[in-house]
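So the structure is just underneath, and the comments pick up after that.
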Amino acid sequence: MASAAVQCPQCGSTLLYRDGLRYYNSGEAVQRWLCRSCGYRFTDPEQQKRHRTLFYNNPPKRELRHFCDTENLNAHQKRILVEAAKAIEQREAGATEAKQADIKGKIIEFLWSLEKNGRSPVTIKNYRKFLNGLLRHGLNLLDPEEVKGYIAKAKWNVSSKITAVRKFNVWFRWLKIPWEAPRYTPESSIPFIPTETELDQLIASVGKKTAAYLQLLKETGARAGEISKLTWMDIDFEKRTIRIKPEKGSLPRILPLSTKAIEMLNNMPRKSEKIFPPVEIMEVTFRYQRNKSAKKLCNPRLQQITFKTFRHWKGTTEYHKTKDPIHVKQILGHKDLKSTQVYIHIENAIYGASNNDEFHVKVAKTQEEITELIGDGWEYVFTHEGLAYFRKRK
């Protein structure tokens with residue numbers, strides 16, 4: 001029997017039986033009643049009212065709208081669920097916007113700290129694009145575990161993941177947030193090296209401005225960013241030389257240009273101080289013209305050519321012609337000979353050792369002797385019984 005406080009909402013009778021419990025999605029249970037007079041089943045109104053108040057003020061953090069289609073809910077109950085769902089969405093949207101605004105502010109402070117510490121404009125730009133891009137994808141840049149999960153699931157190659165981890169090392173160190181960086185092993189692969197004929201075919205098939213851009217990449221082995229920074233004052237048309245301003249910590253250098261490159265530059269309009277647009281603009285134009293040329297020439301290999309391919313081609317062919325890593329180092333503007341070693345490995349993998357090659361051979365026992373030989377342009381071959389063997393073309 002029910003207490004006197006509970007009455008049937010249909011007929012007002014207090015002659016009631018307990019009819020089990022009703023369980024809400026929140027896990028709370030409320031009493032159900034059966035009227036002995038009219039047979040109407042109902043939930044204790046006071047308990048139901050208390051549940052609705054708690055449910056609306058502190059709704060569960062999950063999607064509720066699909067519950068609104070349940071057949072045994074009346075119109076009032078459905079309205080309560082819809083209002084609760086809206087409250088969740090507004091609350092979460094407000095929290096997300098506030099969190100993103102906070103992270104955006106920290107990104108600005110971080111970029112300013114990079115600038116104060118003397119980092120290059122290119123480096124700062126890369127960090128800005130990287131962090132803001134991930135923020136737009138909804139990544140919480142203040143949560144190291146969420147960041148590691150995002151990197152693990154991202155469809156990036158290993159080198160891209162390694163680059164991302166390095167950037168997050170700097171980011172979390174600046175934030176003073178503990179961060180156990182994930183470890184990725186670099187993939188050893190030989191970059192695509194086209195033939196000179198293929199490069200020349202591509203240059204001949206693209207537009208005038210893009211062709212001049214590619215010709216300079218081919219002859220100098222410079223980075224695309226270095227070519228985009230060129231001004232007309234950097235070209236000496238009389239001596240046929242080009243002055244390369246360094247990027248990414250490389251060295252400045254002055255390199256010779258062919259008559260063909262000079263003519264291509266002379267045929268370009270001089271509408272501004274800089275010769276070419278920024279790299280981002282040139283890349284979009286280049287990809288479109290390259291893919292069109294690959295189809296026209298029926299050579300799908302051309303689609304593998306990027307701006308960086310020209311630098312790889314230059315370093316590899318120069319070493320193949322001279323077998324002098326110091327010469328390659330000077331052309332490419334490397335500060336450390338270790339950066340040049342990659343082109344020695346590429347050349348060996350592509351061309352192999354020629355039977356007609358003749359070399360001088362030297363053996364080094366100490367670190368000082370090894371350093372001296374490498375500095376003089378000797379190529380390391382192998383180590384045997386504690387002795388390091390080097391060779392140099394005669």
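Worth a mention:
- Of everything in the range 187-220 that is without any contact (Cβ under 8 Å) to a residue 60 or more places away in the chain and assigned to a loop (DSSP other than H, G, I, E, B), the residue that is farthest from L111 (Cα to Cα) is T195.
- Within the range 293-331, the residues that satisfy the criterion of being touching a helix residue (DSSP H, G or I) at 6+ places or on another chain (Cβ under 8 Å), surrounded by fewer than 19 Cβ atoms within 10 Å (Cβ to Cβ) and more than 30 Å from W378 (Cβ to Cβ) are K296, L297, N299, P300, R301, Q303.
- Taking the range 1-27 as the range and being at pLDDT 65 or above and assigned to a loop (DSSP other than H, G, I, E, B) as the test, the residues that pass are A5, V6, Q7, C8, P9, Q10, C11, G12, S13, T14, L15.
Condition check ((1) more than 20 Å from Y127 (Cβ to Cβ); (2) in contact with a Cys (Cβ under 7 Å, 6 or more places away or on another chain); (3) of a type in the set (K, R); (4) surrounded by fewer than 12 Cβ atoms within 10 Å (Cβ to Cβ)) across all residues:
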| position | (1), (2), (3), (4) |
| --- | --- |
| A154 | no, no, no, no |
| K161 | no, no, yes, no |
| V165 | no, no, no, no |
| V170 | no, no, no, no |
| L175 | no, no, no, no |
| P178 | yes, no, no, yes |
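- Counted residues, the range 281-303 - those being of a type in the set (D, E) and in contact with a Pro (Cβ under 8 Å, 6 or more places away or on another chain): 0
- Residues (at pLDDT below 90 and among the small types (G, A, S)) located in the range 290-339: S339
- The range 248-304, subset in contact (Cβ under 8 Å) with a residue 40 or more places away in the chain and of a type in the set (F, W, Y), residue farthest from T123 (Cα to Cα): F286
- Pairing each residue of the range 112-135 that is farther than 22 Å from Y150 by Cβ and modelled with pLDDT of 90 or more with any residue that is in a loop (DSSP other than H, G, I, E, B) and among the aliphatic types (A, V, I, L, M), provided the two are 6+ apart or on different chains, yields no C-beta distance under 8 Å.
- The set of residues in the range 95-119 being in a loop (DSSP other than H, G, I, E, B) and either surrounded by 15 or more Cβ atoms within 10 Å (Cβ to Cβ) or touching a Lys or Arg at 6+ places or on another chain (Cβ under 7 Å) (or both) consists of R119 alone.
- Note on the range 332-341: residues that are touching a residue at least 12 places away in the same chain (Cβ under 8 Å) and closer than 20 Å to F192 by Cα total 3.
- Residues located in the range 362-390, provided they are without any contact (Cβ under 8 Å) to a residue 24 or more places away in the chain and assigned to a strand (DSSP E or B): Y380, V381, F382, T383, H384
- Residue match in the range 163-186 (condition: touching a Ser or Thr at 6+ places or on another chain (Cβ under 7 Å), of a type outside the set (A, V, I, L, M) and assigned to a loop (DSSP other than H, G, I, E, B)): yes
- Residue in the range 165-179 that is within 26 Å of E347 (Cα to Cα), among the charged types (D, E, K, R) and either out of contact with any strand residue (DSSP E or B) (no Cβ under 9 Å at 6 or more places or on another chain) or free of Cβ contacts under 8 Å to residues at least 24 places away in the same chain (or both) present: no
- Selection within the range 234-255 - surrounded by 14 or more Cβ atoms within 10 Å (Cβ to Cβ) and either assigned by TED's automatic domain parsing to the domain that holds V122 or touching a Gly at 6+ places or on another chain (Cβ under 9 Å) (or both): I244, P246, E247, S250, R253, L255
The values are calculated or read from the model by the stated rules, or taken from the named source; none is laboratory data. Small disclaimer: the values here were computed from a predicted structure and weren't measured. Glycine also receives a Cβ, built like all others from the backbone with ideal geometry; neighbour counts cover every protein chain displayed.
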